[in-house]
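To start, the structure under review is shown below, and the notes come after it.
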Amino acid sequence: MLNRRRFLAAAAASAALVTAPGHALADQASRDFIVRLADTAMTTVAAKGLSDDERTTRFRTLFVENFDLPEIAKLVLGRHWRIATPDQQKDFVRLFEDIQVYTWARRFKDYSGETLEVLSVAAESDGDVQVESRIKRDRLDPINVGWRVRKHPEGLRVLDIKVEGASMAQTHRSEYSSVIQSSGGQVEGLLAAMRKKIAQLQAESATAAVSGSTKPN
Amino acid sequence: MPTFIPRAALTRIAVSLLSLTLVAGCATPPPADDKESVAEFEQLNDPLEPMNRAIFEFNQVVDRAMLKPLAQGYRAVVPPFGRERVRDFLNNLRSPVIFANDLLQGEPDRAVQTAMRFAFNTGFGAVGLFDIAASGGIPYHDEDFGQTFAVWGIGEGPYLVFPILGPSNPRDFVGLAAEWLVDPLNLHLDHVGQDWAIWTRTGMYGIDKRERYLDKLNEIERGSLDYYASLRSLYRQIRTTEVKNGTVDLRAKPEAEKR
């Protein structure tokens, strides 16, 4: 009885090893990648006592190195990517990066003690890997965050983040397409709105820095 | 005579919405030969966009003048401990509605969880002020009639922004109205003529919700080029996730994952 059960277990295990090693390796790599990314973000970008400029610079480095920005930009602009001129495409990628950096870097200032726990890792049909995680926070409800990870020649890259089920790429696509529409279908209108937004975000963090230096709390 | 007449209020809202539609008109669909534009138009699911945007602007004004300051005041005055008690209490009051929806969605396990939570928290958690069931391993989950209708296969209909209530759609709005009408506590309070308690509860629910969203909404508005479009997309995506009980599925996974 025992022998038979052991045999069956061994057979099942070896079958699993034969059929799934590729997936398992890719899954494990994606899981490690996300855990490491969250770790690095918490130790470098969320570090206490950084100046706003320094925090922004650190976030930008992390963001550019670990996110597939050109691909995300293409995804976000959707059908408008094709009607955009190469110059507009280049501008868009740059402006999109800036907006993300200025909106996200500031958030890390308030983070402390957040920990990421991977809940599941699943390979998608298109070869991307979806890593579902939960970010635990002190005295606040945990946040569910899903990461779409794609293999890139130089390593793994994040393609999209889902916060509580809402895809950031899809949200931006919907938003940007609405802006393009209201400017008569012109990509230039979106780029102008983005430049304006970035100036506004920069001005805000500048005033925040000034008021922060006069009033420490 | 009870003064709580939600049916009349609903009719009034419906009539004013209809007249707003007539005034504001519909979004112009793109020409049929532009397939990608048509696909996008359908994907946005917002044929009443001009009306929705008008109501959204109105809501923004009300929010800035009243709701947001109220929520900020609530946060400033009541310490986190107190706000948690309020939230646990309000969540516990929702239990009968959640229980009914668990059952209607064919989720007996979740219905049992809700019933047990209600019994524990009401009995041992100081009438629901303390969510002791959550610390005991039965976490809170929310359900509503809009989600139940979705589980039954009823489509969401076009995106709608309601005055004060904000982003919604016909399905979720009917769900909200159903909840308002069948909530046993509200029915009881109405029956005994204590309508003030219904409005107090509704008001507290609104302030608690707005307080919870203070930072999130600030961040979204701050980073958005088109706040309306961002919220529209977020609302629809998050509702879809809620219908699939996304968060709960995820909670269940770590167990299954152990190899």
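Some points to look at:
- In this structure, the pairs whose alpha-carbon distance is over 29 Å, taken from A:LYS136/B:LYS68; A:LYS136/B:LYS209; A:LYS109/A:LYS162; A:LYS48/B:LYS244; A:LYS109/B:LYS68; B:LYS35/B:LYS209, are A:LYS48/B:LYS244; B:LYS35/B:LYS209.
- Fully extended contour minus Cα-Cα distance, from A:LYS151 to A:THR44, at 0.36 nm per residue: 36.1 nm
- Residues of type aspartates and glutamates that A:LYS90 reaches as a straight line, Cα spacing below 15 Å, ignoring anything fewer than 8 places off in the same chain: A:ASP68, A:GLU71, A:ASP98, A:GLU188
- Gyration tensor (Cα) of segment B:78-204, equivalent ellipsoid semi-axes in angstrom: 25, 19, 15
- Here the alpha carbons of segment A:22-208 define both size measures, Rg and Dmax, at 17.2, 51 Å.
- Take the Cα of B:LYS244, step 7 Å toward its Cβ, do the same at B:VAL127, and the gap between the two points is 4.1 nm.
Each reported figure results from applying straightforward, stated rules to the coordinates on display, with no laboratory input. These figures come from a predicted structure and were not determined experimentally. Cβ sites come from the backbone with ideal geometry, for glycine too, and all protein chains shown count toward neighbours.
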